[in-house]
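J.: Could you have a look at this structure, given as structure tokens, before my questions?
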Amino acid sequence: MDRIHAMQAFVAVADLQGFAPAARKLRLSPSAVTRLVAALEDRLGVRLLQRTTRSVTLTDVGARYLERARRILADVEEAELAAEGERIR
């Protein structure tokens, strides 16, 4: 499991409140997004999302993880932009 892709999937599901909208945004199948989030939960050993047939909500742990995941993804984006800027010089 690629942790960055799994974090991106989790953040998209949380932001868009569903696997299908997250899948559309990420240009993946809903089952691929589900697998990424499930693998992330398995790796962490916690449930990040509470799923029902009609909704997806964050657990308390999921809400705390979401904040950190957003910071990590922003840091990765910043690092990539900085590296690309060096390449252009």
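J.: Which whole-number percentage describes the relative contact order of the chain, with Cα contacts under 8 Å and a sequence gap of 6 or more?
T.: Dividing the mean separation by the residue count of the chain yields 26 percent.
J.: Same structure, new question: Local charge sum around ASP15 (other residues, Cβ-Cβ under 12 Å, Lys/Arg +1, Asp/Glu -1)?
T.: Numbers: positive: LYS25, ARG70; negative: none.
The answer is +2.
J.: Next question. For the chain, report the accessible area per residue in Å² (1.4 Å probe, heavy atoms, rounded to an integer). Mind showing how you got there, number by number?
T.: Values: 6190 Å² over 89 residues.
Roughly 70 Å² per residue, with all protein chains present.
J.: First select every other residue whose beta carbon is under 15 angstrom from the beta carbon of ASP42; then total the charges, Lys and Arg +1, Asp and Glu -1.
T.: Details: positive: ARG3, ARG35, ARG43, ARG47, ARG51; negative: ASP2, GLU41.
Summing Lys/Arg as +1 and Asp/Glu as -1 gives +3.
J.: Something else about it: Sequence-distant or interchain residues sharing an amide H contact under 5 Å with LEU49, placed H: which?
T.: Those lying under 5 Å, H to H, from LEU49 are THR59.
J.: Further question on the same structure: Would you mind putting 58-67, 19-28, 71-80 in packing order, based on average other-beta-carbon counts within 10 Å, highest first?
T.: Working: 58-67: 15.2, 19-28: 17.3, 71-80: 11.2.
The densest-packed peptide leads the list: 19-28, 58-67, 71-80.
J.: Magnitude of the Cβ-charge dipole of the stretch 28-78, K/R +1 and D/E -1, about the Cα centre, nearest 20 debye?
T.: Details: 9 positive and 7 negative charges, 53 e Å.
In total the dipole reaches around 260 debye.
J.: Same structure, new question: In the chain, carbon and sulfur make up what percent of the accessible area (probe 1.4 Å)? Working shown, then result.
T.: Working: 3150 of 6190 Å².
Roughly 51 percent, rounded to a whole number.
J.: When the dipole is taken about the Cα centre of the chain, and only Lys, Arg (+1) and Asp, Glu (-1) are charged at their Cβ, what size is it in debye, to the nearest 20? Before the final figure, lay out each step's value.
T.: Details: 15 positive and 12 negative charges, 76 e Å.
Charge dipole, the chain, about its Cα centre: 360 debye, nearest 20.
The values are calculated or read from the model by the stated rules, or taken from the named source; none is laboratory data. Predicted model only: the values in this text are computed from it and were never measured. Don't worry about glycine lacking a Cβ; one is built from the backbone with ideal geometry, like all the others, and counts go over all protein chains shown. The protein model used for the area step is the full one, side chains on, heavy atoms only, and it has no ligands, DNA or RNA in it. Shrake-Rupley method; radii C 1.70, N 1.55, O 1.52, S 1.80 Å.
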